[in-house]
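The values are calculated or read from the model by the stated rules, or taken from the named source; none is laboratory data. Keep in mind that what you see is a predicted model, and the values were worked out from it rather than measured. Cβ sites come from the backbone with ideal geometry, for glycine too, and all protein chains shown count toward neighbours. The protein model used for the area step is the full one, side chains on, heavy atoms only, and it has no ligands, DNA or RNA in it. Shrake-Rupley method; radii C 1.70, N 1.55, O 1.52, S 1.80 Å.
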Amino acid sequence: MKKPLLHVLLPAAAGVAFLAVWQGAHLSLSEDSRFLLPSPGGVWQAMLDHRESLIRATLNTAEGALAGFGLAVVVSTVISVLLSLSPWVRRAFYPYLMALQMTPLPVLAPICVIWVGAGLKSVALLTFVISFFPLVVNTTQGLISTDRHLVELFQLYGARPWQNLVLLRIPAALPYFFTGLRIAATIAPIGAVVADMNAGTSAGDGGGLGFRAVIFASQAKYAALFATAVTTCVLGFLLNALVLLIAWISLHHWHDSYERTDR
Amino acid sequence: MSAPNLVEFRDVAKCFGDGPAVLSGVNLSARPGDLVALIGPSGCGKSTLLRLVAGLSPLSGGELIVDGRSPGEAAGELAFVFQEANLLPWLTVAQNVEVPLRLRGAPAAERARARERVLELVRLAERADAYPRQLSGGQKMRVSLARALSVSPRILLLDEPFGALDEMTREHLNEELLGIREATGWTAFFVTHSVAEAVFLSSRIVVMAANPGRVHAEINVPLAYPRTAETRVSREYLDLVAQVSRVLRSVEDATGPAAP
Ligand SMILES: Nc1ncnc2c1ncn2[C@@H]1O[C@H](COP(=O)(O)OP(=O)(O)OP(=O)(O)O)[C@@H](O)[C@H]1O
Ligand SMILES: [Mg+2]
């Protein structure tokens with residue numbers, strides 16, 4: 001009974017300590033340079049002041065991030081299945097998948113803008129690109145790492161190729177898939193914000209958090225800039241929490257990475 | 001001549017790639033109802049021999065006839081119990097047991113009937129909803145055995161199924177296995193490192209020699225079935241254990257590494 005309480009108290013205490021240090025650092029600055037590090041209270045105030053534009057920007061970024069992330073999950077799963085078919089296919093295509101990952105987002109952004117226009121579509125497309133790689137690498141690895149003994153068991157009982165895939169290789173790859181998913185969920189919101197800075201637009205109410213940050217910076221609204229950063233963090237945490245929940249639901253019965261409940 | 005052979009090796013040879021011969025000149029047969037124990041030094045090709053029967057690996061020479069057909073064609077008649085339980089960790093005991101019938105496209109009702117029957121046989125009916133990681137080593141092996149029995153095989157291949165278990169559990173499962181055999185009656189090849197286990201279970205013991213793997217001796221076990229805990233202390237049984245141990249020792253001395 002003590003443990004769950006500790007799980008909440010520890011991070012809470014660390015959070016309070018962090019805010020105290022932050023406040024201390026703010027106060028230690030001379031009066032006229034305090035604008036460089038707004039106080040926690042100041043940031044909170046900015047968040048309230050700009051709540052309408054921040055909420056709208058958060059929803060826009062979340063939409064782009066989720067669309068890109070979701071698309072990456074679907075496409076990477078299909079591609080992983082194809083890649084798992086033979087080592088030749090992997091050898092042929094891996095270098096190009098790597099190349100896609102090596103290209104920096106700010107370089108890809110203008111290309112996306114040319115193709116699909118600035119705004120949500122570009123943000124989703126760029127988020128897709130950045131989430132895709134960890135997913136495809138991990139899922140493919142999982143699909144080709146099936147226990148050889150289990151493969152033989154299936155062979156012995158005359159499994160068809162689709163049965164091999166659906167009943168054996170895909171479930172066996174799930175832990176790997178979720179490893180990729182957690183990495184992707186961490187970088188997808190970052191990707192969406194960076195994409196928004198480079199390929200966002202304020203047309204309609206299309207601006208996301210990246211676009212907001214650029215505007216606040218240009219207006220020297222530093223407290224609001226910090227508030228945008230905090231909002232971005234919260235968004236990332238929520239996406240991660242969602243992924244952890246789904247992973248827990250699918251794996252905790254059987255996978256060794258989760259504690260046994262019957263001990 | 002009585003019933004024809006269910007499994008027959010004729011001068012069978014096996015090598016992997018261009019490696020050395022793993023099996024050479026193997027002649028061996030089993031009639032319906034035989035329980036043949038395979039025993040011999042490590043690496044002499046016992047597992048390989050079973051894998052040939054199961055059609056998991058092709059022959060390199062000679063002929064192997066299983067139920068009048070080639071091993072691959074007869075796959076529907078047999079089941080394999082591997083050294084490790086090899087359960088799918090994401091499925092419950094019940095679902096694991098149903099895997100072979102599911103792969104063969106059996107309807108749900110038939111699968112459920114088979115599942116209930118075999119879980120009853122291995123006395124694990126009340127653990128049907130457990131996941132493999134919640135089971136003990138012996139329980140996992142029993143699930144593995146139940147899974148093999150679910151297809152009502154005519155030929156059962158067992159590769160040291162109880163090798164990793166303690167003496168007590170192993171003896172207990174041996175008795176259980178013979179009990180199930182009374183009820184279902186299959187022909188079996190049983191690989192083991194334990195002379196006692198070989199004598200207790202089998203109707204015939206094949207002692208193999210290594211490099212290349214071949215049949216060194218065949219010893220009949222004329223003990224009457226059903227065999228029970230009583231059998232283990234009988235004069236006849238103890239004499240046979242001593243005899244098989246001597247033969248096995250002579251093979252291991254001849255082919256094993258020189259003693260220091
Ligand atoms: N896939 C393979 N490729 C190459 N060599 C193999 C392969 N499988 C087995 N061998 C070789 O064949 C020989 C016989 O192996 P096998 O597993 O049949 O022995 P075994 O009698 O079952 O031994 P143990 O009692 O230790 O299980 C060994 O020398 C082994 O190295
Ligand atoms: Mg072996």
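Can you tell me how many residues in the stretch B:144-164 are open to solvent by less than 10 Å² (accessible area, probe 1.4 Å) and hydroxyl-bearing (Ser, Thr, Tyr)?
Residues meeting the conditions: 2.
Somewhere in the stretch B:68-81, is a residue closer than 21 Å to A:Tyr157 by Cβ and within 15 Å of ligand 1 (Cβ to nearest atom)?
Looking for residues that are closer than 21 Å to A:Tyr157 by Cβ and within 15 Å of ligand 1 (Cβ to nearest atom), one finds at least one in the stretch B:68-81, hence yes.
Can you tell which of A:Arg182, A:Arg169 is on the phi < 0 side of the Ramachandran plot, among the charged types (D, E, K, R) and either assigned to a loop (DSSP other than H, G, I, E, B) or within 13 Å of chain B (Cβ to nearest Cβ) (or both)? Spell out how you get there, then give the answer.
Values: A:Arg182 fails: either assigned to a loop (DSSP other than H, G, I, E, B) or within 13 Å of chain B (Cβ to nearest Cβ) (or both).
Exactly one residue qualifies, and that residue is A:Arg169.
Residue check, B:Arg115 against (1) free of Cβ contacts under 8 Å to residues at least 24 places away in the same chain; (2) away from ligand 1 (no atom under 16 Å from the Cβ), all met but one. Which one?
Among (1) free of Cβ contacts under 8 Å to residues at least 24 places away in the same chain; (2) away from ligand 1 (no atom under 16 Å from the Cβ), B:Arg115 violates only (1).
Could you please give the count of residues in the stretch A:130-155 that are within 17 Å of the chain's Cα centre (by Cα) and surrounded by fewer than 21 Cβ atoms within 10 Å (Cβ to Cβ)? Explain how you work it out, then say what you get.
If we filter the stretch A:130-155 for residues that are within 17 Å of the chain's Cα centre (by Cα), which is where we start, we get A:130-139.
Within this subset, residues satisfying the condition of being surrounded by fewer than 21 Cβ atoms within 10 Å (Cβ to Cβ) are A:133.
Of the residues in that region, 1 qualify.
When you scan the stretch B:187-214, how many residues do you find that are open to solvent by 10 Å² or more (accessible area, probe 1.4 Å), of a type outside the set (Gly, Ala, Ser) and under 14 Å from the mean Cα position of the chain (by Cα)?
Residues flagged as open to solvent by 10 Å² or more (accessible area, probe 1.4 Å), of a type outside the set (Gly, Ala, Ser) and under 14 Å from the mean Cα position of the chain (by Cα) within the stretch B:187-214 amount to 2.
Which of the residues spanning the stretch B:67-110 are in a helix (DSSP H, G or I) and closer than 12 Å to B:Arg147 by Cβ? It would help to see each step written out before you state the result.
Kept after step one, since they are in a helix (DSSP H, G or I), are these residues of the stretch B:67-110: B:73-77, B:93-103, B:108-110.
Result: B:Val93, B:Ala94, B:Gln95, B:Asn96, B:Val97, B:Glu98, B:Val99, B:Pro100, B:Leu101, B:Arg102, B:Leu103.
Filtering the stretch B:66-110 down to residues that are open to solvent by 50 Å² or more (accessible area, probe 1.4 Å) and under 23 Å from B:Glu176 (Cβ atoms), which residue is nearest to the other protein chains (Cβ to nearest Cβ)?
B:Glu84
For the stretch B:57-77, state whether one or more residues are within 16 Å of ligand 2 (Cβ to nearest atom) and in contact with a strand residue (DSSP E or B) (Cβ under 9 Å, 6 or more places away or on another chain). Working first, answer last.
Taking the stretch B:57-77 and keeping what is within 16 Å of ligand 2 (Cβ to nearest atom), we get B:57.
Imposing the further condition that a residue be in contact with a strand residue (DSSP E or B) (Cβ under 9 Å, 6 or more places away or on another chain) reduces the set to B:57.
Yes, the stretch B:57-77 contains a residue that is within 16 Å of ligand 2 (Cβ to nearest atom) and in contact with a strand residue (DSSP E or B) (Cβ under 9 Å, 6 or more places away or on another chain).
Cβ-Cβ under 8 Å, sequence separation 6+ or interchain: first residue in the stretch A:139-150 and in contact (Cβ under 8 Å) with a residue 24 or more places away in the chain, partner buried (at least 17 other Cβ atoms within 10 Å of the Cβ) and part of a loop (DSSP other than H, G, I, E, B). Which pairs?
Between residues of the stretch A:139-150 that are in contact (Cβ under 8 Å) with a residue 24 or more places away in the chain and residues that are buried (at least 17 other Cβ atoms within 10 Å of the Cβ) and part of a loop (DSSP other than H, G, I, E, B), the close pairs are A:Thr140/A:Ser84; A:Leu143/A:Ser84; A:Ile144/A:Ser84; A:Asp147/B:Asn86.
When the residues of the stretch A:78-106 are filtered to those that are open to solvent by 70 Å² or more (accessible area, probe 1.4 Å) and aromatic (Phe, Trp, Tyr), which remaining residue is modelled with the highest pLDDT?
Filtering the stretch A:78-106 for residues that are open to solvent by 70 Å² or more (accessible area, probe 1.4 Å) and aromatic (Phe, Trp, Tyr), the one modelled with the highest pLDDT comes out as A:Trp88.
I'd like to know if the stretch A:138-153 contains one or more residues that are more than 8 Å from every other protein chain (Cβ to nearest Cβ) and of a type in the set (D, E, K, R). Please lay out each step first, then the result.
Step one: filter the stretch A:138-153 for residues more than 8 Å from every other protein chain (Cβ to nearest Cβ), giving A:138-146, A:148, A:151.
Subset that is of a type in the set (D, E, K, R): A:148.
Yes.
Among the listed residues A:Leu174, A:Leu239, A:Leu235, identify the single one that is in a helix (DSSP H, G or I) and either open to solvent by less than 10 Å² (accessible area, probe 1.4 Å) or closer than 30 Å to B:Ala106 by Cα (or both).
Working: A:Leu239 fails: either open to solvent by less than 10 Å² (accessible area, probe 1.4 Å) or closer than 30 Å to B:Ala106 by Cα (or both); A:Leu235 fails: either open to solvent by less than 10 Å² (accessible area, probe 1.4 Å) or closer than 30 Å to B:Ala106 by Cα (or both).
Checking each option against the conditions leaves just A:Leu174.
Quick check on the stretch B:165-186: of everything there that is open to solvent by 10 Å² or more (accessible area, probe 1.4 Å) and polar (S, T, N, Q), which residue is nearest to B:Leu49 (Cα to Cα)?
Ranking the qualifying residues of the stretch B:165-186, first place goes to B:Thr184.
Within the stretch B:180-206, take every residue that is within 13 Å of ligand 1 (Cβ to nearest atom) and of a type in the set (Ser, Thr, Tyr) and give me the one that is farthest from B:Phe80 (Cα to Cα).
B:Ser194
Which residues, counting only those in the stretch B:44-56, are open to solvent by less than 40 Å² (accessible area, probe 1.4 Å) and either within 16 Å of ligand 2 (Cβ to nearest atom) or more than 12 Å from every other protein chain (Cβ to nearest Cβ) (or both)? Let's see the steps before the verdict.
The initial filter retains those residues of the stretch B:44-56 that are open to solvent by less than 40 Å² (accessible area, probe 1.4 Å), namely B:44-46, B:48-50, B:52-56.
Across the stretch B:44-56, the qualifying residues are B:Cys44, B:Gly45, B:Lys46, B:Thr48, B:Leu49, B:Leu50, B:Leu52, B:Val53, B:Ala54, B:Leu56.
Do we have any residue at all in the stretch B:35-43 that's more than 16 Å from ligand 2 (Cβ to nearest atom), surrounded by fewer than 19 Cβ atoms within 10 Å (Cβ to Cβ) and touching a residue at least 40 places away in the same chain (Cβ under 8 Å)?
Pass one, the stretch B:35-43, residues more than 16 Å from ligand 2 (Cβ to nearest atom): B:35.
So of that shortlist, the ones also surrounded by fewer than 19 Cβ atoms within 10 Å (Cβ to Cβ) come out as none.
Within the stretch B:35-43, none of the residues are more than 16 Å from ligand 2 (Cβ to nearest atom), surrounded by fewer than 19 Cβ atoms within 10 Å (Cβ to Cβ) and touching a residue at least 40 places away in the same chain (Cβ under 8 Å).
Across the stretch B:188-237, what is the number of residues that are assigned to a helix (DSSP H, G or I) and within 16 Å of ligand 2 (Cβ to nearest atom)? Talk me through it step by step, then tell me what you get.
The initial filter retains those residues of the stretch B:188-237 that are assigned to a helix (DSSP H, G or I), namely B:195-201, B:229-233, B:235-237.
Adding the requirement that they be within 16 Å of ligand 2 (Cβ to nearest atom) leaves B:197-198.
Count: 2.
With the condition kept exactly as written, say whether any residue in the stretch B:7-30 is part of a loop (DSSP other than H, G, I, E, B), surrounded by 15 or more Cβ atoms within 10 Å (Cβ to Cβ) and modelled with pLDDT under 95. It would help to see each step written out before you state the result.
Within the stretch B:7-30, the subset part of a loop (DSSP other than H, G, I, E, B) is B:16-20.
From what is left, the residues that are surrounded by 15 or more Cβ atoms within 10 Å (Cβ to Cβ) are none.
No - not one qualifying residue is present in the stretch B:7-30.
Just give me the residues in the stretch B:1-39 being over 14 Å from the mean Cα position of the chain (by Cα) and within 11 Å of ligand 1 (Cβ to nearest atom), in sequence order.
As a first pass, look at the stretch B:1-39 and keep what is over 14 Å from the mean Cα position of the chain (by Cα): B:1-6, B:8-29, B:31-32.
Within the stretch B:1-39, B:Lys14, B:Cys15, B:Phe16, B:Gly17, B:Asp18, B:Gly19, B:Pro20, B:Ala21, B:Val22, B:Leu23 qualify.
Taking the condition of being within 16 Å of ligand 2 (Cβ to nearest atom) and under 26 Å from B:Val7 (Cβ atoms), how many residues in the stretch B:157-182 meet it?
7
Mind checking which pairs have a first residue in the stretch A:244-257 that is more than 9 Å from chain B (Cβ to nearest Cβ) and a second that is modelled with pLDDT under 95 and open to solvent by less than 80 Å² (accessible area, probe 1.4 Å), Cβ under 6 Å, 6 or more apart or different chains?
A:His252/A:Tyr258
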